[in-house]
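The values are calculated or read from the model by the stated rules, or taken from the named source; none is laboratory data. Here the structure is a predicted model, which is why all the values come from computation and not from measurement. No Cβ is skipped: glycine too gets one built from the backbone with ideal geometry, and neighbour counts run over all protein chains shown.
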Protein chains: 2
Amino acid sequence: MIKVTVMYPYAEGARFDHDYYRTRHMPLVKARLGSACAYYTVDQGLHGMTPDAPPAFVAMCAFICDSAEGYEAAMKEHRAEVLGDIANYTDIVPVVQYSEVVVERSDR
Amino acid sequence: MIKVTVMYPYAEGARFDHDYYRTRHMPLVKARLGSACAYYTVDQGLHGMTPDAPPAFVAMCAFICDSAEGYEAAMKEHRAEVLGDIANYTDIVPVVQYSEVVVERSDR
């Protein structure tokens, strides 16, 4: 099982519409990925190590998928639509990484 | 619900013992956090946006908790032990951030 994590670096004054991201963008991407994505998660950054430090990322999401190949194949057809929607909620360029899921959740 | 995410930035030649992290360090932290932490997740970075690009983070974990206050209170007593164990698996200084869990998992 793999995870595609998309992270939006904090930048003073940058725009990020968390409501649009949660209610519009993420459901859109999931719909396009279909069964290639088991589920996704969404986090909103609060702060860094201390409450007065900004978070490294204002928002993070992860797509949990059976394989990177499945994710890529599903995304390939819809990349233009998905990337084109980003301007609707942010002007931040996200950092993307692929990870192996080592522990999906420790209580299961 | 909040998430404390701990991210280990990729650095050429840096040391990271994924086996120790999964089998020793993470269970130790969970044991010390007790009921303040509902569960944790562990990821191992594979690559960046493209397969030939290094991942931003070689490893990432997240502690899903009811509150930041609960996490802090539980961690306070055991911080020295937890931080002291880091040298056993890496020489990378992690990035830590607190997030609000917006979507815990989209299929539930």
Checklist entry - Can you name the residue in region A:75-86 that is within 18 Å of B:Gly48 (Cα to Cα) and among the aliphatic types (A, V, I, L, M) and is also surrounded by the most Cβ atoms within 10 Å (Cβ to Cβ) among such residues? => result A:Met75
Checklist entry - Can you pull out the residues in region B:28-51 that are over 11 Å from the mean Cα position of the chain (by Cα) and farther than 17 Å from A:Ile2 by Cβ? => result B:Leu28, B:Ala31, B:Arg32, B:Leu33, B:Gly34, B:Ser35, B:Ala36, B:Cys37, B:Ala38, B:Tyr39
Item to check | Failed condition for B:Arg108, given (1) modelled with pLDDT of 95 or more; (2) surrounded by fewer than 16 Cβ atoms within 10 Å (Cβ to Cβ) | outcome: (1)
Item to check | Filter result for A:Ile86 (under 27 Å from B:Phe63 (Cα atoms) and not polar (S, T, N, Q)) | outcome: no
